[in-house]
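Below is one structure, written out as structure tokens; comments come after it.
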Amino acid sequence: MKLDIDAKAREVSFSVPTKVYSEDALRIAAAVFENRCEASAGLAKGRHELTLKARKALDAKGLEALAGEFANELLNQEYRFVVARFNRKVADLIAAQTLLAARGGENPPAAPEGEKSPAFQAEVKKLLAETADEIRRTMPKRIAPQGSPIPPETSVG
Amino acid sequence: MAERGSRLTSPSGLLEKEPRKVAPHNARLLGGKVLLTNDAGEHAVLGEADYRRFLAGGVGDQEPLGQELSRKDFVRDQLDFKRLAESAVERFLLRWPGPSVHTVVVTRRCNFKCVYCHASVVDASRVETDMTPETAAGAVDLAFDSPNPKLTIEFQGGEPLLNWPVVKFVVEYAKLKNRERRKDLHFGLISNFSLLDDAKLDWLCEQGVSFCTSLDGPAALHNKNRTFLGGNSHELVVDRLKAIQARRAAGAKLDAPNAICTVSRFSLSQPEAVIDQLVELGLERVQLGPLDPIGFARRSWETIGYTPAEYAAFYGRAIDHLIKLDSKGVKAYEKMALVLLLRVLQGRHWRFPYADGVARLAYDWDGSVYTAEDGRLLAADGDGFFKIGEVGRSRYEDLIEHPTVKASLYAASPWSQPMCFQCAYNPFCTVQPVHGHATQGSLWGQMPTNGWCGKMMGVFDELFTRLQDPEKRKVLESWLEYKDR
């Protein structure tokens, strides 16, 4: 892969064939490398012309490594598309079945009637009130740095 | 064909196969032999010469090797498609009852300063990061809406015992709801045990809550990893583990406590000492958790991190030590090995164990819902990508239908991952999308340079190498008996 490096501008440019790499792969690779560089692309003579502008200063060696890693990600994404197309039927079937089953089917059962009863609601209310009370009584407003509660009677500040 | 230590899994050699005899499979060179695996979840180990003979169609149907390969679905013209289809439906399509593990983060506060903390905790004084009872009730409501008949509510933090009233509330409220729902309900407390006094221990025992803590090895190692400003963390955790064991010995109906060893760089030279520490306490389950460069560990990775190969070497030594202890009558097993061996030897494979959102969910102290605990950890570090809803606002169905859940599911699929697709360990392995997102900037990751993949391949290499040794295999097979404990 031929690289044009401009260390002063923190830029490295190279091209890849459009027959091998799709625009989707370029976009995803650019998103993956978002924190490390700004990627821009153009088209010329059946090739994507790419320029990566590093977000932090890199020497020529660093820019060369950046281009290499970007190209690896490009290959990773493009190959992923190939594999996904190849296995799409089985992957879609499993994903659909998994999501539907995890959802509880098309019409998940409603909550049991018992949970809507006044008696149940009263028990929940009582439990919540008891817990709120316990928090008030036992939970310190301030904690010593090592985590041991400061006793309530201890006045701090 | 890929060699041991290699991350590449090129299927070269298949080009010369005899198409009538050779069914689709992946292969890996392992210690001078060839490991073959297939989508049926079967594996076989052949000498190189036999493998070449097999590829050329030269293995006779009547010879023992031919019969083994046929029985394991490696011979194309002898495949029983009806049986294979039934098995595939059972393994891939019928095992999805919905999320069963629900992690409830009752506080982000912690009183420890562990060198590798993944939980991105806050100081113990930050009481504003405690979950309220109302939020906890909403989290329990969502958990109960999962269609899964088995439900495990797992308390995490921070240190969950710092918000003790809400731990108690969740247990009591879930039990109240379960009078109507009648699920197989379990609770687990993941704690550093520093605040587990006898009164709390008694209450949790009465409620049937199981205990999980961290024990990284001997005192010097444990205390180096897990700093407790209020005292000696090793002494504390050992004391409480003994207290739990004593209650079990006295007849309390409790699961054995689980003590996870998180492997840091400081552990690498002493796997034997780590295991000795755990088995001395009567713990049969050893769990050697690898470190990931996520959360606080990412910032201190230069000091505490290691390469996948270093972890695999540590892991291999640990397994050898457990096997050696077995010969002395000391019974113990490693948890990840058990999970992987169940897949390899018994075909028990949850196809997407890291199917975050459809197999597990996590509820943060503020009511945010995440695909899983790992996703919640990233959010605590400023990356909310895996947030899929909010307690009180989202319905259970909204969580499952969230685009991140679907994307995670596809990313975890070995049929969608380029290197996994060709990997010999594909039928037994898992992909972890959160790891890819956190360390490589995309849900899909990039497997040839992915740290999780490197560790898993290393662990599989270590296990499959030992499965070739009849004596070691016997011990590893005996670990399968622990599967229902």
query = Just checking, how many residues over the stretch B:108-140 are at the interface with chain A (Cβ under 10 Å from one of its Cβ atoms) and either of a type in the set (A, V, I, L, M, F, W, C) or closer than 14 Å to B:Leu377 by Cβ (or both)?
reply = 6
Count of the stretch B:415-456 residues which are aliphatic (A, V, I, L, M) and in a loop (DSSP other than H, G, I, E, B) = 3
task = Would you mind listing the strands (runs of 3 or more DSSP E) fully within the stretch A:1-75 where at least 3 residues are under 28 Å from B:Gln417 (Cα atoms)?
result = A:11-17, A:37-44, A:47-54
Failed criterion for B:Leu378 (all others in (1) in contact with a strand residue (DSSP E or B) (Cβ under 7 Å, 6 or more places away or on another chain); (2) in contact (Cβ under 8 Å) with a residue 40 or more places away in the chain; (3) buried (at least 20 other Cβ atoms within 10 Å of the Cβ); (4) of a type outside the set (S, T, N, Q) hold) = (1)
request  = Would you check if A:Ala91 is surrounded by 15 or more Cβ atoms within 10 Å (Cβ to Cβ), within 14 Å of chain B (Cβ to nearest Cβ) and among the small types (Gly, Ala, Ser)?
outcome  = yes
message = If the requirement is being touching a strand residue (DSSP E or B) at 6+ places or on another chain (Cβ under 7 Å) and under 30 Å from B:Ala139 (Cβ atoms), which of these qualifies: B:Thr465, B:Thr439, B:Thr404, B:Thr430?
response = B:Thr404
query = Any chance the stretch B:115-127 includes a residue that's surrounded by fewer than 23 Cβ atoms within 10 Å (Cβ to Cβ) and touching a Lys or Arg at 6+ places or on another chain (Cβ under 6 Å)?
reply = yes
message = Looking only at the stretch B:83-107, count every residue that is within 13 Å of chain A (Cβ to nearest Cβ) and closer than 25 Å to B:Ser264 by Cβ and tell me the total.
response = 1
remark   = Those residues of the stretch B:358-405 that are among the polar types (S, T, N, Q), farther than 21 Å from B:Pro133 by Cα and not in a helix (DSSP H, G or I) come to a total of 1
Qualifying positions in the stretch B:364-375 - surrounded by 22 or more Cβ atoms within 10 Å (Cβ to Cβ) and among the charged types (D, E, K, R) = B:Asp364, B:Glu373, B:Asp374
task = Go through the stretch B:378-419 and give me each residue that's closer than 16 Å to B:Gly367 by Cα and under 20 Å from the mean Cα position of the chain (by Cα).
result = B:Leu378, B:Phe386
ask   = Does the stretch B:336-351 contain any residue that is in a loop (DSSP other than H, G, I, E, B) and crowded, with 24+ Cβ neighbours inside 10 Å?
value = no
request  = Restricting attention to helices (runs of 4 or more DSSP H) lying wholly within the stretch B:26-124, give those where 3 or more residues are under 30 Å from B:Pro147 (Cα atoms).
outcome  = B:81-88
request  = Quick one: count up the residues across the stretch A:8-40 that are surrounded by fewer than 16 Cβ atoms within 10 Å (Cβ to Cβ) and away from chain B (no Cβ under 14 Å).
outcome  = 10
request  = Select from the stretch A:56-87 the residues that are hydrophobic (A, V, I, L, M, F, W, C), away from chain B (no Cβ under 12 Å) and closer than 18 Å to A:Val32 by Cβ and write down the one among them that is surrounded by the most Cβ atoms within 10 Å (Cβ to Cβ).
outcome  = A:Leu63
request  = Could you tell me which of the residues B:Val369, B:Val431 is within 13 Å of another protein chain (Cβ to nearest Cβ) and among the β-branched types (Val, Ile, Thr)?
outcome  = B:Val431
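Is it the case that the stretch A:81-99 has a residue that's in contact (Cβ under 8 Å) with a residue 40 or more places away in the chain, more than 30 Å from B:Glu172 (Cβ to Cβ) and in a helix (DSSP H, G or I)?
Scanning the stretch A:81-99 turns up at least one residue that is in contact (Cβ under 8 Å) with a residue 40 or more places away in the chain, more than 30 Å from B:Glu172 (Cβ to Cβ) and in a helix (DSSP H, G or I).
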query = Counting residues that are in contact (Cβ under 8 Å) with a residue 24 or more places away in the chain and more than 13 Å from every other protein chain (Cβ to nearest Cβ), which helices (runs of 4 or more DSSP H) fully inside the stretch B:148-232 reach at least 1?
reply = B:198-207, B:219-225
query = Does A:Ala96 meet the test of being surrounded by 15 or more Cβ atoms within 10 Å (Cβ to Cβ) and under 23 Å from the mean Cα position of the chain (by Cα)?
reply = no
inquiry  = Need the failing condition index for B:Leu65 against (1) of a type in the set (A, V, I, L, M); (2) in contact (Cβ under 8 Å) with a residue 40 or more places away in the chain; (3) within 28 Å of B:Leu341 (Cα to Cα); (4) surrounded by fewer than 20 Cβ atoms within 10 Å (Cβ to Cβ), just the number.
reply    = (2)
request  = For the stretch B:267-280, enumerate the residues that are hydrophobic (A, V, I, L, M, F, W, C), within 22 Å of the chain's Cα centre (by Cα) and part of a helix (DSSP H, G or I).
outcome  = B:Val274, B:Ile275, B:Leu278, B:Val279
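In the stretch B:255-263, is there at least one residue being of a type outside the set (Val, Ile, Thr) and part of a helix (DSSP H, G or I)?
no
Every number in this text was worked out from the coordinates using simple rules, so none of it is lab data. All values derive from a computational prediction rather than experimental measurement. As a convention, Cβ positions derive from the backbone with ideal geometry for all residues, glycine included, and neighbour counts pool all protein chains shown.
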